[in-house]
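Read the structure below first, then the notes.
The values are calculated or read from the model by the stated rules, or taken from the named source; none is laboratory data. Computed from a predicted structure; not experimentally measured. Heads up, the Cβs are rebuilt from the backbone with ideal geometry, glycines too, and the neighbour counts pull from every protein chain shown. Quick note on the areas: whole protein, heavy atoms, side chains included, nothing else; ligands and nucleic acids left out. Shrake-Rupley method; radii C 1.70, N 1.55, O 1.52, S 1.80 Å.
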Amino acid sequence: MAPPLPGYAPRTAPARPSAAALFLHRTVTGDWLAALKAALWPTGLLFMLALAVAIPATEEMEEIGLGFGARVRVALALLLQGLGGGFTLRGEPAAEGWLTPSASNELTLSVVPLTITVLWAGAVALGARMTHRQSTATAGPEGTVRIALLAALGVLLLGLFAQPSVSEVSVSIAPAPAALWALPLGALAAAMALCGPQAGAWLATRHGLRSTASALGSAAIAMAVVVAVCGLAGLIWLGAEQDQDTGWWLLGAFLLMPNMAVGVLGLSWGANVEAENGATGEGFEYDSLGLAQLGSELGGWAVVGALLLGVFCALTLGVVAARRSSLRAEQLLAAGFFMVLFLLLIAVGSVGVEGSADMGFGLSGEGSAKTGVNAAEALLFGLLWAFGGAFLGPYLLRLLRSRAT
């Protein structure tokens, strides 16, 4: 047979773009102005907090040339640690005598002020929600990506700005890691604000995922209540022990309030809060604070108070899980998620300091100090407390409801 004429050859349909390509196209061509308005909330929050921290000044600050602008940049460097940024002081003082021809010092602070982390994520969610009320252009996963990218870009710009040099001492941070950590955190916060109802409707048709999400929500709510109560207890104790009439300790305690709450929770559940410090060539010293040391230092009433606080935290978890679900498996799953969150907070809530000094002629030294909750003890005792609270929670909730009626 003769081949078909060219004009009658079958035509193939054009290839359709993939779902990823369509998502990328919608993200790029979306409303970036609305996303920028939402991203201004967390960026402005960090800058306003830095301005508030930089307003108080002392004579010593003015003498070393630490003016208002430098204080703002130092405050920003400290605040950005809540998003994963580092904080390093480097000093290269001028030579004084032939014994120190090339003296240089470095001090690195490793701490994540979780208060800043929570405030920044809340500002992202609030900005996304407020912008979504004015315009629906930010709705959907595409708007979440745009808001997260611009919020992370704001963190990067602030990090590049927050690196002053005063009196031959320079402050350096890690703006790129801070932006990388801010990207998923901002995406999660924006997704909770923009895609919460859609996600709830999608989970309603899938029983297994709905039960898991409900257990995770119960653990998150219980953890928020526990951190607030334990942080307040730690703040009250710190205020009672503070003998100096200054507000700087209060500011530092507020920024580290969730970190302090993790230590208080671990201590009330029987885990030790450990501290390690030492220098090269001199060995390391270890110290720990547990219920036994707490009783010897403050008396038996402190141990009783810590145990009562631990009981309250465990029963709070049980009551929240029982109130949100009547399924025993889901309540126990909430206890498991609570322990995962607890261990995660222990991992990111520790405080560490490292320093080194190079005095020339081969003379140098290094030292470090860090403190945090013993993770192994927290896991061992925390499992008993958390699952015990989840077991007793339904009975306590039933008792409270019967008395209320």
Worksheet entry | Residue that is modelled with the highest pLDDT, among those in the stretch 71-105 that are polar (S, T, N, Q) and within 16 Å of residue 169 (Cα to Cα) | 88
Worksheet item: Which members of the stretch 155-174 meet the condition of being surrounded by fewer than 23 Cβ atoms within 10 Å (Cβ to Cβ) and either in a helix (DSSP H, G or I) or hydroxyl-bearing (Ser, Thr, Tyr) (or both)?
Response: 156, 157, 160, 161, 165, 167, 170, 172
Practice prompt. Kindly list the number of the only condition in (1) surrounded by fewer than 22 Cβ atoms within 10 Å (Cβ to Cβ); (2) in a helix (DSSP H, G or I); (3) at pLDDT below 90 that fails for residue 127.
Written response: (1)
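Criterion first (at pLDDT 90 or above and open to solvent by 10 Å² or more (accessible area, probe 1.4 Å)) does residue 114 satisfy it?
No: the conditions fail for residue 114.
Looking at 238, 251, 209, 232 in this structure, which one is surrounded by fewer than 18 Cβ atoms within 10 Å (Cβ to Cβ), under 23 Å from residue 298 (Cβ atoms) and modelled with pLDDT under 85? Before the answer, list the steps.
On the way: 251 fails: under 23 Å from residue 298 (Cβ atoms); 209 fails: under 23 Å from residue 298 (Cβ atoms); 232 fails: modelled with pLDDT under 85.
238 is the lone residue from the list that is surrounded by fewer than 18 Cβ atoms within 10 Å (Cβ to Cβ), under 23 Å from residue 298 (Cβ atoms) and modelled with pLDDT under 85.
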Discussion item. Give all pairs with beta carbons closer than 8 Å in which a residue from the stretch 308-337 that is open to solvent by 10 Å² or more (accessible area, probe 1.4 Å) meets a residue that is not in a helix (DSSP H, G or I); count only pairs at least 6 apart in sequence or on separate chains.
Written reply: none
Worksheet item: When residue 221 is evaluated against the numbered criteria (1) open to solvent by 50 Å² or more (accessible area, probe 1.4 Å); (2) modelled with pLDDT under 80, which criterion, by number, is the only one it fails?
Response: (2)
Item to complete: Can you tell me which residue among 108, 138 is at pLDDT below 85 and surrounded by fewer than 18 Cβ atoms within 10 Å (Cβ to Cβ)?
Response: 108
